[in-house]
Amino acid sequence: MMSLKVIICEERDQQNWDEYVSDHTYGHFMQSWAWGVFKEQQGWRPMRFFALRDGAPCGAMQVLTRGVLGKECLLYAPRGPVLDMNDLEVMDSLLCAVKSYYPNGITLRMDPYVREGEIGTDVFRGLRRLPEEWSFWNCPKYVFWLDTSGGTAQVFDAFGTKQRNQINYPAKRGVVFVKGGIDDVDDFYRLMVSMSLQKGIACHAKPFFQKLFTVFCNNKMADISFAEIDGERIACGMSLRFGKKSWLMYAATDENGYNFRASRAVQWDMITSALENGCKRYDFRGTATGRNPSLNDPGYGVYEFKKKFCPEFVVLDGYYDYVLRPILYKIFRFAEVFALPLAYNTYKKVHSFVDRSHVAKL
């Protein structure tokens, strides 16, 4: 009879963890060991629950926790869990382990990296499926996936003629593309702030990018691209590789970069890097729209930009809660549905103003 147990991972388990998660169909970089390290620097505490059947990995769930309401804590498994979604025994064992480990947990939020309708509902029985199409603090439900399994030529040929010309245009004007690394965070941040000013959107503070670069460059997961003209960096992009998938993280262009139309070419440079490293999917992440994209969507410009690379619009399965403390959960949900949107919009306005004040120092 096969035995199933769930262990709490220690440092020595990192390689086994990443090998299992990165190779899994539902594996995502937010379930990587490195993402837990990075989020710990942002104030979250990571804990990794690893299911083993006769010693072989069969399920994984990295849980991030943050204290709220005194001793109580909120649990979040970004893009987790990672397992065969038909294996109810493993799912139940992971949830049981989480519940036992966190007696003060309010709820465990999950947003698995699974297409809507791809799996049955049995694996999520007993969980609360949320009706929201969007979350202010979780991963987006609507994403763009670019299938890169056919190789570079097939991907590029699928673009429209105008898109291909736009990608080739900067090189004809003398723009060159170079790879960056851990020491290039200053240039990257300068371009991010420049775009923030042009678009009127918020930008993380510099320490955020310093930590991001340090963790993922050291773990050899980061692909950083720059467009340069006469030695001046005018556009940049960052993606993360994990297994056979790559994810767009950030991209930015300054005014000169717009003049040279460098943004699409930088994006293509990151896609070709993913292809060269054997990736079968390039995930553009959120579409910045609803299920039915509309010109009225605030992020429609982002949607249009990503769509030109001919990715598939994918609807993921959404958000699930494993409720641990019913009364406190009701309070949490009230705050999430009604108070968080107001706080988020206020934060964006204040944060954008604060970030703009940094420009004079660049």
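Has the stretch 251-262 got at least one residue that is touching a Gly at 6+ places or on another chain (Cβ under 6 Å) and closer than 30 Å to residue 20 by Cα? Yes. In the stretch 1-15, the residue that is surrounded by the fewest Cβ atoms within 10 Å (Cβ to Cβ) out of those that are assigned to a loop (DSSP other than H, G, I, E, B) and not acidic (Asp, Glu) is 1.
With respect to the conditions (1) outside any loop (DSSP other than H, G, I, E, B); (2) within 20 Å of residue 7 (Cα to Cα), residue 85 lacks only one, and its number is (1). Scanning the stretch 28-50 for residues that are over 23 Å from residue 114 (Cβ atoms) and part of a strand (DSSP E or B) yields a single hit, 45.
Within the stretch 106-123, being assigned to a loop (DSSP other than H, G, I, E, B), at pLDDT 90 or above and over 17 Å from residue 285 (Cα atoms) holds for 117, 118.
Residue 175 - would you say it is touching a residue at least 40 places away in the same chain (Cβ under 8 Å), among the β-branched types (Val, Ile, Thr) and either within 30 Å of residue 320 (Cβ to Cβ) or touching a Lys or Arg at 6+ places or on another chain (Cβ under 6 Å) (or both)? Judged against the criteria, residue 175 is not a match. For the stretch 33-64, a tally of residues being crowded, with 20+ Cβ neighbours inside 10 Å and β-branched (Val, Ile, Thr) returns 1. Is it the case that the stretch 237-245 has a residue that's over 29 Å from residue 151 (Cα atoms), surrounded by 15 or more Cβ atoms within 10 Å (Cβ to Cβ), touching a helix residue (DSSP H, G or I) at 6+ places or on another chain (Cβ under 9 Å) and at pLDDT 95 or above? For the stretch 237-245, residues over 29 Å from residue 151 (Cα atoms), surrounded by 15 or more Cβ atoms within 10 Å (Cβ to Cβ), touching a helix residue (DSSP H, G or I) at 6+ places or on another chain (Cβ under 9 Å) and at pLDDT 95 or above: absent. The set of residues in the stretch 194-207 that are among the β-branched types (Val, Ile, Thr) and in a helix (DSSP H, G or I) is empty. If the condition is being in a helix (DSSP H, G or I), surrounded by fewer than 19 Cβ atoms within 10 Å (Cβ to Cβ) and over 24 Å from the mean Cα position of the chain (by Cα), then the stretch 157-193 contributes 157, 158, 161, 162, 163, 164, 165, 166, 168, 169, 171, 172. For residue 224, the conditions (1) under 16 Å from the mean Cα position of the chain (by Cα); (2) assigned by TED's automatic domain parsing to the domain that holds residue 162; (3) assigned to a helix (DSSP H, G or I) all hold with the exception of (3). The condition of being more than 30 Å from residue 84 (Cα to Cα) and aromatic (Phe, Trp, Tyr) holds for only one of 226, 216, 124, that being 226. With respect to the conditions (1) surrounded by fewer than 21 Cβ atoms within 10 Å (Cβ to Cβ); (2) modelled with pLDDT of 95 or more, residue 202 falls short on a single one, namely (2). Restricting the first member to the stretch 83-98 and to residues that are farther than 17 Å from residue 24 by Cβ, and the second to residues that are of a type in the set (Ser, Thr, Tyr) and at pLDDT 95 or above, the beta-carbon pairs closer than 7 Å and six or more apart or on different chains are 95/322.
The values are calculated or read from the model by the stated rules, or taken from the named source; none is laboratory data. Nothing here was measured: the structure is a model prediction, and the numbers come from that model. Glycine gets a Cβ as well: all are built from the backbone with ideal geometry, and neighbour counts include every protein chain shown.
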